[in-house]
1. Go over the candidates 101, 34 one by one and state the one that is under 16 Å from the mean Cα position of the chain (by Cα) and not aromatic (Phe, Trp, Tyr).
2. Name every residue in the stretch 126-149 that is closer than 21 Å to residue 84 by Cβ and among the hydroxyl-bearing types (Ser, Thr, Tyr), in order of residue number.
3. Quick one: count up the residues across the stretch 114-134 that are under 18 Å from residue 39 (Cα atoms) and modelled with pLDDT of 95 or more.
4. Could you list, in sequence order, the residues of the stretch 84-110 that are part of a helix (DSSP H, G or I) and under 16 Å from residue 151 (Cα atoms)?
5. Which one is surrounded by the fewest Cβ atoms within 10 Å (Cβ to Cβ) among residues in the stretch 27-53 that are among the polar types (S, T, N, Q) and at pLDDT 95 or above?
6. Which residues, taken from the stretch 58-77, are surrounded by fewer than 18 Cβ atoms within 10 Å (Cβ to Cβ) and either assigned to a loop (DSSP other than H, G, I, E, B) or touching a residue at least 40 places away in the same chain (Cβ under 8 Å) (or both)?
7. From the set of residues in the stretch 116-162 that are of a type outside the set (A, V, I, L, M, F, W, C), touching a residue at least 24 places away in the same chain (Cβ under 8 Å) and assigned to a loop (DSSP other than H, G, I, E, B), which is nearest to residue 47 (Cα to Cα)?
Amino acid sequence: MKKTLIILVLLLGSFAIHAQESSGGKKAKELVWQTDINKAISISNKSKKPMLLFFTGSDWCGWCIRLQKEVLLTPEFAKWAKDNVVLVELDFPRRTPQSEQIKAQNNGMQQAFGIQGFPTIYFATAKIKEGKPSFTGIGSTGYVAGGPTAWLAVADGILKTK
């Protein structure tokens with residue numbers, strides 16, 4: 001079943017999906033959040049940094065919005081992210097339009113990683129083998145109370161296991 005889902009993600013990822021910065025200033029302006037998983041994998045492999053996969057419902061999920069305000073928009077997170085990870089946003093909005101390719105890619109990633117709730121942040125690396133991504137999970141988290149210091153402590157603990 002997992003192989004089928006990964007193949008689905010690969011097929012969907014073969015569409016040309018343009019990476020973009022998150023719109024509306026919702027995240028720290030200097031950070032670039034990739035939306036194309038294939039481009040994110042390439043950047044991750046070149047930089048030798050794991051991906052931070054942010055599964056979110058950006059325009060409806062209260063905990064996602066809270067995580068953004070309390071952590072992802074802070075200067076502490078911006079500095080940490082630049083040094084440690086490649087940022088990937090996998091959004092499931094209700095009111096914000098998305099291309100069919102992005103919707104299909106994000107749904108495939110949600111199934112491949114078994115994401116059941118939002119927000120979920122999954123740390124992973126990936127290699128392309130025979131044209132297909134093969135993900136290696138490092139760990140996951142979600143909202144952590146206590147602002148950026150508490151959240152970053154959890155994230156650092158996860159990254160130390162890689």
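1. The conditions single out 34.
2. If the condition is that a residue be closer than 21 Å to residue 84 by Cβ and among the hydroxyl-bearing types (Ser, Thr, Tyr), then 136, 140, 141, 143, 149 are the ones that fit.
3. The qualifying residues number 5.
4. At the first step, the residues of the stretch 84-110 found to be part of a helix (DSSP H, G or I) are 84, 100-110.
84, the sole residue that qualifies.
5. Residues of the stretch 27-53 among the polar types (S, T, N, Q): 34-35, 38, 42, 44-45, 47.
Checking the rest, the ones that are also at pLDDT 95 or above come to 34-35, 42, 44-45, 47.
On the way: 34: 24, 35: 22, 42: 15, 44: 21, 45: 15, 47: 10.
Only one residue fits best here, namely 47.
6. 59, 60, 63, 66, 73, 75, 76, listed by residue number.
7. Result: 162.
Quick grid of which residues meet (1) more than 14 Å from the chain's Cα centre (by Cα); (2) surrounded by 16 or more Cβ atoms within 10 Å (Cβ to Cβ); (3) of a type in the set (Asp, Glu):
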position	(1), (2), (3)
83	yes, no, yes
95	yes, no, no
113	no, yes, no
119	no, yes, no
122	no, yes, no
131	yes, no, no
145	yes, no, no
150	yes, no, no
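The values are calculated or read from the model by the stated rules, or taken from the named source; none is laboratory data. Fair warning: this is a prediction, and the values are worked out from it, not measured in the lab. Cβ atoms come from the backbone with ideal geometry, glycine included; neighbour counts cover every protein chain shown.
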